[in-house]
Structures are given as C-alpha cells and as structure tokens.
Amino acid sequence: MTKKRFVGLGEILVRLSTEGYLRFAQADRFIVNYTGAEANIAITLSYMGMDACMVTKLPDNDIGKCALRKLAMFGVDTSHITFGGERIGLYYLERGVSQRPSRVIYDRKHSAFSEASVDEFNWDEILNGADWFHFTGITPALSENCAKICEKACITAKQQGVKVSCDLNYRKSLWTPEEAQETMRPLMQYVDILFANEESSEKALGIKMDKSSIVGVKPDTEAYAMLAHNLSGTFGFEKVAIPLREPISASVNNWSGLLYSNGEISIAKKYTIQIVDRIGAGDSFAAGLIYGLLHGMDDHTALEFATAASCLKHSIEFDFNLSTPDEVKAIMTGDASGWVLR
C-alpha cells in the first residue's frame, strides 16, 4: 500500500527547558530540543509510518542544521526546507507541577521563517502527490509574508485536491484578536478540517462559545458541540475537532475529545492522565485524527485514536508524540494499565 503523504508548513523553534521542574530563577542550564506545531505533527506521523514533509526556512548556520537533523532523524522529508536569514526562533519552558502551572516565554522576532518570501516555495512541486496539508494560526501570525505563503499553499492544495486542515492555535503574544480575524477568517474558505478550542475560536475567528454553559473547569460537551456546529455553519468546515481538557492540577488532567462531522457529534472516552510533558498535546491530537482519517477509520474511531494518541503524548518528554499505531490502538481497546512490556 502506498504511504499517505502529509505536508506541514510552519516555523521550527529551539525549545530551551529547565531541568526537571526547576523554576527559571533556579536554572543554570537548559535542555535543548527542536520543535514547532506543524513539525510536531510531521514527526508524529512519520513515526507512525507515514510519508511526512516539513516546509520551513532555517538560518544557514550550525543551529539551523541541528534543527534539520532533528527532523531527518525521525524520517521527515526536509527537501523543501530553504535556508537564509539571521536566526532561529526560541522558546523557554518552565514545567509546572501540582498546583503550579507551566510557563512559556517566546523569543522569535525576526526569525528566518518569519522573514521568508512567497517565491521561496514552489507549492505545485511540494504538494504533488500529497494527501494532506496542515498549517496553524501561528504561521500567518508571524508576518504578512507568512500569511501570504499560507494562502498560496492553501490555494494550491485545493487546486490539487489535497485535504487542508488548520489548528487555530491563537497566540496573544503574536497578534491581537482584530489582527487575527482579519487574516484568519479569509483563510478558512480553504480549510476542510478545523482544530480549535473556545479561546482560539473567539480570538481568531470571532465565534464565541456560551460561557454560561461551562461549569468550573469541567468541559460542557453540549456547549462545545454547539461551538463546533456554529463554526461549521459559518465557514463550511467538513469537520471540527476540539480536544477536551479537564485540569485537576498541573500534574493530573482528564482528557477527551469531540468531533463534529456532517451534523453528527462524537465524544471520545475520557482518560485520567499523569502528566510528564503536556507541550504538544494538541498537535498529537491533530496528528492522531489525521492519521485515522487517512487510514480509513470512521469518524468516531478516528476521534478515539486521536484522543488515545494524545493521552500517550502526555507521558513522553518533549513536544512530539513518539507512539506507534499499535501502541495507540492498545490504549483505545482498554489496555491502559501501564504494565511493563517484556
């Protein structure tokens, strides 16, 4: 069987995290990893056996080459990455525990990718033979040129019959709600499958959830179902997927997911998870749904696969999910005991 081909567009960042659960004020060294929302999905899908391609721009220096090697190490196609510019973006992470939340500080202005130009990427060539194209709301937020690159990629994807998905991923450090909506709403005409939550829907698209339907921190599935219905009705999405997180503390969360498709709502079973690293959980949820839908799973099964995959991600250090399809299916079918495998 021919491998399904995924293409992601976005920025690669250096993640600098404190050791263990040290606070920034305690740290005298940082642990280095290379990451990015779309790259997390590409690595996850490659690890699951798909053909995954990452499109970005990196500085032509040793750090850019380290990022390239990280992608290649996990089998991601890097042949369409361009080089130039002065620097790679950074983010600093202080992991939370118990009642203390995690903290993230970004340092990504004037990165190589944010200063990329539209003519650096040949989308007819990049998307030839692709089954799926994915971007997030982070990418068009980086610069006007990045927004134009996204638009060109989406137009080409639709011309070639490639499925297009978007995770809204609103970041207040990158733009205001007004700026986000001006850019993101027109891009939605190209999107088939949307990944969202209540904040990103409101800030990036101007679609609000009925806050009165939310009780404390426990997700109200009826309110989320109505949000998904409104998003689909407004923009014509084929599917809307929403991860459902119920935080008990920074260390323990309940985790589920919702999928709206063709007027029908599916809800995944709930997992109680002990968190090792929650960064990238939404990306692993998106990757799981993409994998499931591309491999012939029905909507509910694909949602269960996405939720189980993201459940496993919370147990894995760093931002991407290194879980095989068999491991995910074992969790789906009830083998969540954590027994040692020998």
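Summary table below
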item	result
So Ile275, is it closer than 30 Å to Lys3 by Cβ, in contact with a strand residue (DSSP E or B) (Cβ under 8 Å, 6 or more places away or on another chain) and of a type in the set (Val, Ile, Thr)	no
Residue within the range 208-220 that is open to solvent by 20 Å² or more (accessible area, probe 1.4 Å), under 24 Å from Glu178 (Cβ atoms) and assigned to a loop (DSSP other than H, G, I, E, B) present	yes
Elements of type helices (runs of 4 or more DSSP H) contained in the range 134-196, each with 3 or more residues being free of Cβ contacts under 8 Å to residues at least 60 places away in the same chain	144-159, 177-187
Enumeration of residues in the range 58-111 that are part of a loop (DSSP other than H, G, I, E, B), hydroxyl-bearing (Ser, Thr, Tyr), surrounded by 14 or more Cβ atoms within 10 Å (Cβ to Cβ) and in contact (Cβ under 8 Å) with a residue 40 or more places away in the chain	Ser102, Ser111
Residues of the range 135-156 classified as surrounded by fewer than 23 Cβ atoms within 10 Å (Cβ to Cβ) and touching a Ser or Thr at 6+ places or on another chain (Cβ under 7 Å), total	3
Residue list for the range 7-26, filter: in contact (Cβ under 8 Å) with a residue 40 or more places away in the chain and surrounded by fewer than 24 Cβ atoms within 10 Å (Cβ to Cβ)	Val14, Arg15, Leu16, Ser17, Thr18, Gly20, Tyr21, Leu22, Arg23, Phe24
Members of the range 27-37 found to be farther than 16 Å from Ser111 by Cα and either part of a loop (DSSP other than H, G, I, E, B) or without any contact (Cβ under 8 Å) to a residue 40 or more places away in the chain (or both), listed by number	Ala27, Asp28, Arg29, Phe30, Ile31, Val32
Failed item, numbered, when Glu304 is tested on (1) among the charged types (D, E, K, R); (2) crowded, with 17+ Cβ neighbours inside 10 Å; (3) modelled with pLDDT under 95	(3)
Test: residue in the range 286-301 that is in contact with a helix residue (DSSP H, G or I) (Cβ under 6 Å, 6 or more places away or on another chain), assigned to a strand (DSSP E or B) and without any contact (Cβ under 8 Å) to a residue 60 or more places away in the chain	no
When residues of the range 104-121 are limited to those that are of a type in the set (Ser, Thr, Tyr) and in contact with a Leu (Cβ under 8 Å, 6 or more places away or on another chain), the one nearest to Phe30 (Cα to Cα)	Tyr106
Subset of the range 159-176 (residues that are in contact with a Phe, Trp or Tyr (Cβ under 8 Å, 6 or more places away or on another chain) and surrounded by fewer than 17 Cβ atoms within 10 Å (Cβ to Cβ))	Ser173
Failed item in (1) within 21 Å of Lys313 (Cα to Cα); (2) within 19 Å of the chain's Cα centre (by Cα); (3) open to solvent by 10 Å² or more (accessible area, probe 1.4 Å), with Ile31 passing the rest	(2)
So Ser256, is it open to solvent by less than 30 Å² (accessible area, probe 1.4 Å), in a helix (DSSP H, G or I) and among the polar types (S, T, N, Q)	no
Residues satisfying the stated conditions in the range 74-96, i.e. aliphatic (A, V, I, L, M) and farther than 18 Å from Ile31 by Cα	Val76, Ile81
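One line per residue, one yes/no per condition, for (1) out of contact with any strand residue (DSSP E or B) (no Cβ under 9 Å at 6 or more places or on another chain); (2) at pLDDT below 95; (3) on the phi < 0 side of the Ramachandran plot:
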position: Ile207; (1), (2), (3): yes, no, yes
position: Asp210; (1), (2), (3): yes, yes, yes
position: His229; (1), (2), (3): no, no, yes
position: Gly236; (1), (2), (3): yes, no, no
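The values are calculated or read from the model by the stated rules, or taken from the named source; none is laboratory data. Please read these numbers as outputs of a predicted model, since none were measured by experiment. No Cβ is skipped: glycine too gets one built from the backbone with ideal geometry, and neighbour counts run over all protein chains shown. Keep in mind that these areas ignore ligands, DNA and RNA; they rest on the heavy atoms of the full protein, side chains included. Shrake-Rupley method; radii C 1.70, N 1.55, O 1.52, S 1.80 Å.
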